[in-house]
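Just so you know, all these numbers are worked out from the coordinates, no wet-lab data involved. These numbers come from a predicted model, not from an experiment. Cβ coordinates were reconstructed from backbone atoms using ideal geometry, including for glycine residues, and neighbour counts include every protein chain displayed.
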């Protein structure tokens, strides 16, 4: 046998397990508990006791996550849009202890409590191992940067958040790395995010502004954060297409895309308007450049959904006035030539020259000596420049090494469906990272985690195929 995996088994003398794809499983206990709690929720909801309903939902989520870290991962990823939209008015989305953040911490705790002991985590892909190691060292370097940070307490707090993001990434890699589970996760992300988009468009009071001529705003978080998170779910909908030929799955994905794309138009985030079709098209081309029929079909669907949504929105006055002008300017070369972010990036480089050790993790804003008017938080609006300013050149090299290993791992994926989907996720992450400084948030780490899971899923698939040949050797 020529397979490396099979040769390793032969040398070790182990009897290989049969290949399998677990997928998401719904046992009798889960169904009964969910049904009973669901009936209680309906009863209290009809009585107007929404606080009790939320308490029941929280209790259900905690039990599910503690029983299954994989379920915690899926819940965290699929509810990300809702978690951002429902931030309370009085605090920032960057500081509120939200249900999504609690879910991720519980998921990490549930997983690592089981991981104590030998043999729990085995990463098959060498590129995933290298990428994960690079990201891990990058997180460790963020702790070292607290030694010279402008605000050491804030650096330690930010390091703790980064450590949770990294630990969650490892959980994603180990629990979602098979084709079936990834497909199911993308489908749930599509459904739940699609409902969130409908709520954003039609539920009064959920957003501060819901007019057709002004960007939709949210009291507890920025429009860009919601838009980018929803954009990832849209890319996930497109990523379903290469993974499954089922008419039902494709119909659900495409149907969920429609309200999400309309909702992202209302947020006015041009990076998502341009980034979604570019990411989807790049992933399709990378995987199917030799299969012109499949490539043309995917590009046609992406073009029809993206261009069709924008055309319908303009023709039916769904977006008008300043919002319409803002979105259409995304296609004008002058917008990028005169973009104010070029000035911000130049200023960030100048600040790094004055602070070659960096400001320390989480302290980028302290480097700016004056507020920047209507441009939002004091940041470079660029992940890589923000990392340079906070973590210095060593931190930037570590992050870029992890990104490079991951990118090359995606190129090496043999399963064309997995390659297309992974490239879509990874490309969207890169494009959105040029929009804002998200290196310390889930907007950056969740698409990275999903992209790595696709690479690992392909490696495990190849291992399983090698094991199928085992009896013949």
Inset, instruction - Could you work out the mean projected area of the convex hull around the alpha carbons of region 389-473, in square nanometres to one decimal? - result: 6.7
Legend entry - Proxy reagent accessibility, fewest Cβ within 10 Å first, across 456, 347, 414: 414, 347, 456
Inset, instruction - Compute from the Cα atoms of region 178-233 the Rg and the Dmax, the latter being the longest Cα-Cα distance, and quote both in angstrom. - result: 13.5, 44
Legend entry - For the chain, calculated [θ]222 nm from helices alone, where every DSSP H run of n ≥ 4 adds -39500 (n - 2.57): -23500 deg cm²/dmol
Inset, instruction - Mind checking the full-extension length gain between residue 412 and residue 317? Use 0.36 nm per residue of separation minus the Cα-Cα distance, one decimal, nm. - result: 29.7 nm
Legend entry - Computed P(r) (all Cα pairs; region 68-458; 10 Å bins; percent): 5, 23, 34, 27, 10, 1, 0
Legend entry - Point-to-point label distance, residue 32-residue 47, nm (Cα→Cβ direction, 7 Å offset): 2.5
Legend entry - Contour minus Cα-Cα distance for residue 347 and residue 151 (0.36 nm per residue): 68.5 nm
Inset, instruction - Taking each pair of different alpha-carbon atoms in region 229-361 once, compute 1/r for the pair, average those values, and report the inverse of that mean as the Kirkwood hydrodynamic radius in Å to one decimal. - result: 17.0
Legend entry - region 30-54 and region 150-176: distance between their alpha carbon centers, rounded to Å: 33
Inset, instruction - Kindly give the semi-axes, whole Å and largest first, of the ellipsoid equivalent to region 100-185, taking each as the square root of 5 times a Cα gyration tensor eigenvalue. - result: 27, 16, 12
Legend entry - Segment residue 245-residue 163, extension gain: residue separation times 0.36 nm, minus the distance between their alpha carbons: 25.7 nm
Inset, instruction - Would you please put 349-356, 254-261, 323-330 in order of how densely packed they are, using the mean number of other Cβ atoms within 10 angstrom per residue and starting with the highest? - result: 254-261, 323-330, 349-356
Inset, instruction - Compute the relative contact order of region 68-458 as a whole-number percentage, counting only Cα pairs closer than 8 Å that sit 6 or more residues apart in sequence. - result: 26
